[in-house]
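> The structure that follows is given in the form of C-alpha cells.
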Amino acid sequence: MPSPLIEFQNVSFTYGGEEGEPVPAVRELSFAVPRGEFVAVLGHNGSGKSTAAKLCNGLLLPTEGKVLVDGLDTADEAQLFDIRRRVGIVFQNPDNQIIAAIIEDDVAFGPENLNVPPAEIRTRVDEALKAVGMFEHRLAEPHKLSGGQKQRVAIAGILAMRNDAIVFDEATAMLDPRGRREVMDAVLRLNREQGITVLFITHFMEEAVLADRVLVMDEGRLLLDGTPQAVFAQQNALRAAGLELPIPALFAQKLRAHFPALPEDILTEEDCARAIFRLFAQKGGNAQ
Ligand code: ADP
Ligand code: MG
C-alpha cells in the first residue's frame, strides 16, 4: 500500500499560549488523502479549515499528533524542503500571491528557487500556464488580470514546481461567479488529467459536490467524511454545523412535495434536470 499523500494522525493545534488565551483551532483531527483524490473541505467560519490547510505543508506544526506528507513528518525540519515540493497552497486573496511584474516571471519564481536549470524552467512555465489556460497572458502585467485569472496564475506557480498536491484555502471566495467557475474548471482538469491531488476548502456547496469526497469540520473536529451523496444526506448534522444544502438539492426538496418519486440524492443542476426528465418520460408526458 503506498502511503497517503497527506495524512493527519490525531492532530490538534492551539494558537497563542504565553500571553493571550490559548485558542484550540484543530482538535484530534484524523484523515488521509490518497494520491490523486479530490477532497473538498467544508465548515463554518472559525471551524479550523485554514489552520488545517497550513498544517498540511508545515507552515504550522501540530501541537499534538502528526501530519505526514508522502510519509514524511512535517515536524522534521530536514524534510520540510521535500514536503513543500510536494504540497503547495493557494490562498484566498488573489492580490497577495503574485509578486513579479510579468506573469511568466511570477510562475518562474518557484522553480528558480529550486535551482531548476533555465531551459527546464522555460518548459515548465509554458506548460503550467497552458494547463490553467493563461498561456496567452504570459507577458501580461498582473494588475490587468481579473481575480480568477490571478488565481489561475497562482496555481500555475505551484504546477511549475511539479507539486503532487495543491491545497486551496477558499481560493474562490473573493472571485465573481465567472472567476469561480474558471478556477474550478482548471482545478478539476488538473486533478483528472494530471492526477494532481486536491484539498479544496470552500464555502460554496456547488463546488463541494464536484469532489470525490467531502470532509466537514466543526469546532476544529472532523464531523463528516464521505462521498458528496453520503455527506449531503446528513442534513441535520450539516445544519448543526451551520451549513446549507446545495441549491439544486433545496430546490429538489421543494419539488418533491409535488413529485414524491423524485430521488433523494439530487445535488447538482444536472442531477435535477435528469431526474425531472426521467419523471416525465416515465409518465409518458410531453417532456420535450
Ligand atoms: P476557518 O478557516 O475555518 O475560518 P481558522 O483555522 O482560521 O478557521 O480558525 C480556527 C480558530 O482559530 C478560530 O477560533 C480563530 O479565531 C482562531 N485563529 C485563527 N488564526 C489565529 C491566530 N493567528 N491567532 C490566534 N487564533 C487564531
Ligand atoms: Mg479560513
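> Residue 164: touching a helix residue (DSSP H, G or I) at 6+ places or on another chain (Cβ under 6 Å), within 16 Å of ligand 2 (Cβ to nearest atom) and closer than 30 Å to residue 116 by Cα, yes or no? Lay out the reasoning, then the answer.
Working: touching a helix residue (DSSP H, G or I) at 6+ places or on another chain (Cβ under 6 Å): yes; within 16 Å of ligand 2 (Cβ to nearest atom): no; closer than 30 Å to residue 116 by Cα: yes.
In short, no.
> How about segment 257-266: which of its residues are surrounded by 14 or more Cβ atoms within 10 Å (Cβ to Cβ) and under 30 Å from residue 49 (Cα atoms)?
Those that are surrounded by 14 or more Cβ atoms within 10 Å (Cβ to Cβ) and under 30 Å from residue 49 (Cα atoms): 265, 266.
> For segment 171-189, enumerate the residues that are surrounded by fewer than 21 Cβ atoms within 10 Å (Cβ to Cβ) and either more than 20 Å from residue 129 (Cα to Cα) or within 16 Å of ligand 2 (Cβ to nearest atom) (or both). Break it down stepwise before answering.
Taking segment 171-189 as the starting set, the residues that turn out to be surrounded by fewer than 21 Cβ atoms within 10 Å (Cβ to Cβ) are 173-174, 176-179, 181, 185-186, 188-189.
Hits for segment 171-189 are 173, 174, 176, 177.
> Mind listing whichever residues of segment 146-162 are polar (S, T, N, Q) and surrounded by 21 or more Cβ atoms within 10 Å (Cβ to Cβ)? If you could, list the steps in order and put the result at the bottom.
Pass one, segment 146-162, residues polar (S, T, N, Q): 146, 149, 151.
Answer for segment 146-162, where residues must be polar (S, T, N, Q) and surrounded by 21 or more Cβ atoms within 10 Å (Cβ to Cβ): 149, 151.
> Go through segment 127-175 and report how many residues are more than 17 Å from the chain's Cα centre (by Cα) and part of a loop (DSSP other than H, G, I, E, B).
Number satisfying all stated conditions: 11.
> Something else: What do you reckon, is residue 103 modelled with pLDDT of 95 or more, among the aliphatic types (A, V, I, L, M) and buried (at least 22 other Cβ atoms within 10 Å of the Cβ)? Give the steps one after another, and end with the answer.
Numbers: modelled with pLDDT of 95 or more: yes; among the aliphatic types (A, V, I, L, M): yes; buried (at least 22 other Cβ atoms within 10 Å of the Cβ): yes.
Spelling it out, residue 103 is indeed modelled with pLDDT of 95 or more, among the aliphatic types (A, V, I, L, M) and buried (at least 22 other Cβ atoms within 10 Å of the Cβ).
> Another question, then. Taking strands (runs of 3 or more DSSP E) that do not extend beyond segment 188-278, which have at least 1 residues that are over 24 Å from residue 163 (Cβ atoms)? I'd like the intermediate steps shown before the answer.
Working: elements: 197-201, 213-218, 221-226.
Strands (runs of 3 or more DSSP E) meeting the threshold: 213-218, 221-226.
> Next question. In segment 43-80, how many residues are basic (Lys, Arg) and under 27 Å from residue 207 (Cβ atoms)? Let's see the steps before the verdict.
Taking segment 43-80 and keeping what is basic (Lys, Arg), we get 49, 54, 66.
Those left that are additionally under 27 Å from residue 207 (Cβ atoms): 49, 54.
Adding up the residues that qualify gives 2.
> Considering each residue of segment 7-49, count those that are of a type in the set (Ser, Thr, Tyr), within 16 Å of ligand 2 (Cβ to nearest atom) and surrounded by fewer than 22 Cβ atoms within 10 Å (Cβ to Cβ), and give that number. Break it down into steps so the answer makes sense when it comes.
Taking segment 7-49 and keeping what is of a type in the set (Ser, Thr, Tyr), we get 12, 14-15, 30, 47.
From what is left, the residues that are within 16 Å of ligand 2 (Cβ to nearest atom) are 15, 47.
Next, from what is left, pick out any that are surrounded by fewer than 22 Cβ atoms within 10 Å (Cβ to Cβ): 15.
Matching residues across segment 7-49 total 1.
> Do you know which residues across segment 41-59 are within 6 Å of ligand 1 (Cβ to nearest atom) and touching an Asp or Glu at 6+ places or on another chain (Cβ under 8 Å)?
Restricting attention to segment 41-59, the residues satisfying the condition of being within 6 Å of ligand 1 (Cβ to nearest atom) are 43, 45-51.
Selection gives 43, 47, 48, 49, 50.
> Among the residues of segment 50-94, which ones are assigned to a loop (DSSP other than H, G, I, E, B), among the acidic types (Asp, Glu) and either in contact with a strand residue (DSSP E or B) (Cβ under 9 Å, 6 or more places away or on another chain) or not assigned by TED's automatic domain parsing to the domain that holds residue 111 (or both)?
Answer for segment 50-94, where residues must be assigned to a loop (DSSP other than H, G, I, E, B), among the acidic types (Asp, Glu) and either in contact with a strand residue (DSSP E or B) (Cβ under 9 Å, 6 or more places away or on another chain) or not assigned by TED's automatic domain parsing to the domain that holds residue 111 (or both): just 70.
Every residue, every condition in (1) closer than 30 Å to residue 3 by Cα; (2) of a type in the set (A, V, I, L, M, F, W, C); (3) away from ligand 2 (no atom under 16 Å from the Cβ); (4) surrounded by 15 or more Cβ atoms within 10 Å (Cβ to Cβ), yes or no:
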| site | (1), (2), (3), (4) |
| --- | --- |
| 191 | yes, no, yes, yes |
| 195 | yes, no, yes, no |
| 199 | yes, yes, no, yes |
| 220 | yes, no, no, yes |
| 239 | no, no, yes, no |
| 249 | no, yes, yes, yes |
| 255 | no, yes, yes, yes |
| 268 | no, no, yes, yes |
| 281 | no, yes, yes, no |
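> Let me ask you something else. Can you spot a residue in segment 97-107 that is among the charged types (D, E, K, R) and touching a residue at least 12 places away in the same chain (Cβ under 8 Å)?
From segment 97-107, those among the charged types (D, E, K, R) are 104-106; that's our starting set.
Okay, now just the ones that are also touching a residue at least 12 places away in the same chain (Cβ under 8 Å), so 104, 106.
Yes - at least one qualifying residue is present in segment 97-107.
> Being farther than 29 Å from residue 4 by Cα and modelled with pLDDT of 95 or more, is that true of even one residue in segment 67-77? Let's see the steps before the verdict.
So the first thing to find is which residues in segment 67-77 are farther than 29 Å from residue 4 by Cα, and the list is none.
No - not one qualifying residue is present in segment 67-77.
> Touching a residue at least 12 places away in the same chain (Cβ under 8 Å) and in a loop (DSSP other than H, G, I, E, B) - does that describe any residue in segment 26-35?
Here is the first cut: in segment 26-35, the residues touching a residue at least 12 places away in the same chain (Cβ under 8 Å) are 26-35.
Next, from what is left, pick out any that are in a loop (DSSP other than H, G, I, E, B): 34-35.
For segment 26-35, residues touching a residue at least 12 places away in the same chain (Cβ under 8 Å) and in a loop (DSSP other than H, G, I, E, B): present.
The values are calculated or read from the model by the stated rules, or taken from the named source; none is laboratory data. Keep in mind the model is a prediction, meaning the values are calculated, not measured. Every residue, glycine among them, receives a Cβ derived from its backbone with ideal geometry; neighbour counts consider all protein chains shown.
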